[in-house]
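Throughout, read-outs are computed from the coordinates displayed, never taken from laboratory work. Note that the structure is a prediction, hence the values are computed from the model and not measured. Note that each Cβ is placed from the backbone with ideal geometry, even for glycine, and that neighbours are counted across all protein chains shown.
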Amino acid sequence: MRFKVNKQRQTPPIIIVALVDVLIVVLIFLVVTTTFKTHPAFKMTLPESETAQQGSTTVTNIIINVPKGTNVFFVGADVYSDIQLLEYLSERARVAPNIAVSIRADTESAFGRIVALVDILKKANILHFSAFAKPVPASD
């Protein structure tokens, strides 16, 4: 005796076009709301200073990075030797005479490289330059 009848089940229809539309909307939402963070090419440890203060954001700055153990300078993602940096800064100073430069040197970078950079700034007629430092943490 057979009490159970085997019926062929029909698979439910899935509308693929609607799923693709929803997937595209979710993808667009994620792309629009995601913030992209740039990672530096090298890790730098800034020196600590008790008198460090927030710099001015109204002046156009060129940030020059001086990493430890190298003989080059970084301006953004670009790499410059001493002579190339002098040419670059001279051109920038010619276009904008009141340009300011910020030096971002690693704690362990050679002091001679920083002195060489200051000499390059003076040769390029850049009068305004400052250095990055992080404030000393408050002791409790």
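Could you list Val32, Val101, Val75, Val136 in order of exposure, starting from the residue whose Cβ has the fewest other Cβ atoms within 10 Å?
Working: Val32 7, Val101 24, Val75 17, Val136 12.
Ordered by Cβ neighbours within 10 Å, fewest first: Val32, Val136, Val75, Val101.
Order these by the 10 Å Cβ neighbour count, fewest first: Ser49, Ser102. Intermediate results must be reported in sequence, preceding the final value.
Values: Ser49 13, Ser102 16.
Ordered by Cβ neighbours within 10 Å, fewest first: Ser49, Ser102.
For the range 48-135, what does the relative contact order come out to in percent, with C-alpha contacts under 8 Å and a separation of six or more?
Details: 128 pairs, mean separation 33.7, N = 88.
Answer for the range 48-135 is 38 percent.
Report the equivalent ellipsoid semi-axes for the range 48-135 in whole Å, largest first, defined as the square roots of five times the eigenvalues of the gyration tensor built from alpha carbon atoms.
Values: eigenvalues 76, 61, 22 Å².
Working through the eigenvalues yields semi-axes of 20, 18, 11 Å.
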